[in-house]
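Colleague: Starting off with a structure, shown below.
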Amino acid sequence: MSAGIVSYGAYVPRYRIKVDEIARVWGDDANSLKSGLMVYEKSVPGFDEDTVTIAVEAARYAVKRSGIDTQRIGAVYTGSESHPYAVKPTSTIVAEAVEATPVLTAADYEFACKAGTAAMQSCMGLVQSGMIDLGMAIGADVAQGAPGDALEYTAAAGGVAFIIGNKGSEFIAVIEDTYSFTTDTPDFWRREGMPYPEHGGRFTGEPGYFKHVTHAAKGLMDKMGTRPEDYNYAVFHQPNGKFPSRAASILGFTKEQIQPGLVVPKLGNTYSGSCMMGIAATLDQAKPGDRIFATAFGSGAGGDAFSFTVTDKIEEIRNKAPTVVELLADPIYVDYATYAKHKGKIRLA
């Protein structure tokens with residue numbers, strides 16, 4: 001039994017802060033940061049926004065885009081590294097909000113920035129086995145970065161929901177195959193109760209991101225017998241603009257293939273939503289018959305690669321919910337003090 005994407009929805013808060021404003025507060029060189037990171041601004045959650053509200057909005061847009069009966073959803077899995085509750089699932093709230101309860105399974109996933117794609121793979125297995133009709137996989141985060149840390153320039157907020165099914169007539173994109181490459185590589189971590197993550201800085205790129213992304217990508221292409229030129233588009237996890245661009249070059253993909261899904265310069269790194277946001281932005285403009293290659297990365301560390309083929313159905317549902325470009329339009333820019341309030345960085349002892 002095959003698996004495919006039946007619908008998708010994305011959500012990005014309207015608030016933004018520019019890299020220049022963060023650099024102004026910490027006395028850093030904004031031009032150097034922008035050229036090095038290839039990020040110019042990032043999204044900021046509103047006062048009343050968190051991973052749950054972002055996941056709910058993305059899920060509702062996915063439902064709106066397809067118009068499916070949500071009682072058909074037999075699983076809701078939300079991947080995030082900023083779930084608001086340590087004990088209380090995000091996914092049950094989402095399931096209730098889209099009226100998919102009570103006959104379903106739900107769970108929260110964690111695997112740094114690839115928790116959302118891990119949820120996609122779980123939904124694939126469930127629909128392919130016939131255990132469920134439809135599954136919803138979500139990647140959403142209000143990413144954390146300590147004040148003054150390098151992560152603060154990119155850690156953003158946003159989320160994406162994919163509805164995955166097994167009926168070919170409903171597919172907007174066939175999931176041709178997936179492949180994962182995983183090791184125990186502690187490049188990034190956060191202990192329970194700690195407000196901000198720690199990381200190995202510039203020493204982690206090669207053993208973390210590049211090793212796992214390239215091995216997962218090559219593994220899938222070897223498994224399928226495909227090459228970069230067989231694809232119209234490619235998407236890679238976007239912690240910044242430079243890493244996915246370099247990964248694409250290493251693997252033989254062109255700038256033209258990755259450009260449609262490269263949303264990080266105006267959005268920042270939405271962590272569990274990062275690669276999925278790139279896929280959504282690509283689906284927003286892909287044509288029937290186009291092929292999309294995507295590889296997510298999660299610190300700790302692992303890579304999930306996917307191959308998709310877009311179907312005629314995409315034209316029917318695409319414009320029934322906001323596109324990623326539309327979600328990035330009309331930003332409300334904030335200063336550092338407002339950003340710090342929104343992110344809860346001002347804490348009383």
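The values are calculated or read from the model by the stated rules, or taken from the named source; none is laboratory data. Because the structure is predicted, anything quoted here is derived from the model rather than measured. Every residue, glycine as well, gets a Cβ built from its backbone with ideal geometry; the counts of neighbours run over all protein chains shown. When the accessible area is computed, the model is the full protein with side chains, heavy atoms only, and any ligands, DNA or RNA have been set aside. Shrake-Rupley method; radii C 1.70, N 1.55, O 1.52, S 1.80 Å.
Colleague: What are the residues in the range 118-147 that are among the β-branched types (Val, Ile, Thr) and either in contact with a Leu (Cβ under 8 Å, 6 or more places away or on another chain) or more than 22 Å from Pro45 (Cβ to Cβ) (or both), if any?
Modeller: Hits for the range 118-147 are Val127, Ile132.
Colleague: Any chance the range 51-58 includes a residue that's of a type outside the set (D, E, K, R), open to solvent by 30 Å² or more (accessible area, probe 1.4 Å) and assigned to a strand (DSSP E or B)?
Modeller: Within the range 51-58, the first condition is being of a type outside the set (D, E, K, R), and the residues that meet it are 51-56, 58.
Imposing the further condition that a residue be open to solvent by 30 Å² or more (accessible area, probe 1.4 Å) reduces the set to 53.
Within this subset, residues satisfying the condition of being assigned to a strand (DSSP E or B) are none.
The answer is no; no qualifying residue exists.
Colleague: Residue check, Phe47 against (1) on the phi < 0 side of the Ramachandran plot; (2) modelled with pLDDT of 95 or more, all met but one. Which one?
Modeller: The single condition Phe47 does not satisfy is (2).
Colleague: Being open to solvent by less than 30 Å² (accessible area, probe 1.4 Å), within 20 Å of the chain's Cα centre (by Cα) and either of a type outside the set (D, E, K, R) or modelled with pLDDT under 95 (or both) narrows it down to one of Ala156, Ala146, so name that one. Please lay out each step first, then the result.
Modeller: Values: Ala146 fails: within 20 Å of the chain's Cα centre (by Cα).
Ala156 is the lone residue from the list that is open to solvent by less than 30 Å² (accessible area, probe 1.4 Å), within 20 Å of the chain's Cα centre (by Cα) and either of a type outside the set (D, E, K, R) or modelled with pLDDT under 95 (or both).
Colleague: Please go through the range 270-288 and give me each residue that is touching a helix residue (DSSP H, G or I) at 6+ places or on another chain (Cβ under 7 Å) and part of a loop (DSSP other than H, G, I, E, B), ordered by number.
Modeller: Initial filter on the range 270-288 (touching a helix residue (DSSP H, G or I) at 6+ places or on another chain (Cβ under 7 Å)): 270, 272-273, 275-286, 288.
Scanning the range 270-288 gives Thr270, Asp284, Gln285, Ala286, Pro288.
Colleague: Is there a residue in the range 241-252 that is open to solvent by 10 Å² or more (accessible area, probe 1.4 Å), touching a strand residue (DSSP E or B) at 6+ places or on another chain (Cβ under 8 Å) and outside any helix (DSSP H, G or I)?
Modeller: Looking for residues that are open to solvent by 10 Å² or more (accessible area, probe 1.4 Å), touching a strand residue (DSSP E or B) at 6+ places or on another chain (Cβ under 8 Å) and outside any helix (DSSP H, G or I), one finds none in the range 241-252, hence no.
Colleague: Can I ask one more? State whether the residues of the range 95-102 include one that is touching a residue at least 24 places away in the same chain (Cβ under 8 Å), closer than 26 Å to Met124 by Cα and open to solvent by 20 Å² or more (accessible area, probe 1.4 Å).
Modeller: The answer is yes, given that some residue of the range 95-102 is touching a residue at least 24 places away in the same chain (Cβ under 8 Å), closer than 26 Å to Met124 by Cα and open to solvent by 20 Å² or more (accessible area, probe 1.4 Å).
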